[in-house]
1. Over all alpha-carbon pairs in region 2-102, figure out the percentage whose distance exceeds 17 Å.
2. What order do you get for 43-55, 74-86 when each peptide is scored by the mean count of other beta carbon atoms within 10 Å, highest first?
3. Return a whole-number percent for the relative contact order of region 2-102, with Cα pairs under 8 Å and 6 or more residues apart as the contact set.
4. Suppose every Lys and Arg Cβ carries +1 and every Asp and Glu Cβ carries -1, with no other charges. What dipole size does the chain come out with about its Cα centre, to the nearest 20 debye?
Amino acid sequence: MKATPIRHVILEHEDPTYAENSRVLWRLDDGTHVVSSSVRRTLGTIPIDEVMVFPADESIWITDWEELGSQYPAGDHAAAIRAAGHEPTGEIPDPETQTIEDEP
């Protein structure tokens, strides 16, 4: 199934353990949405560096935390979409910025 990127968000954190946190909202051919969430951060001594794909709503928020696919290292949203079984089409939009507190 094809996946078209429709929104790109950089989430800003006050937490210094985050090096990157971005999400891309994708619309699938059947009208549903998924989000690829790219995270680079350190939890204690454990580095996290991956992109994970989850079901999402039109507002880019994750609706189910069951992972559909992932890619290591972080940053390659299209590769994560492929790992979830979808074919990315089109260019990822320029990012907009939101603070993490904006998420419901």
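1. Counting pairs separated by more than 17 Å, the tail of P(r) holds 48 percent.
2. 74-86, 43-55
3. Numbers: 247 pairs, mean separation 31.1, N = 101.
Relative contact order of region 2-102: 31 percent.
4. Numbers: 7 positive and 21 negative charges, 70 e Å.
Roughly 340 debye for the chain.
No lab work stands behind these numbers, since they all come straight from the coordinates. These numbers were taken from a predicted model, which means no experiment stands behind them. Don't worry about glycine lacking a Cβ; one is built from the backbone with ideal geometry, like all the others, and counts go over all protein chains shown.
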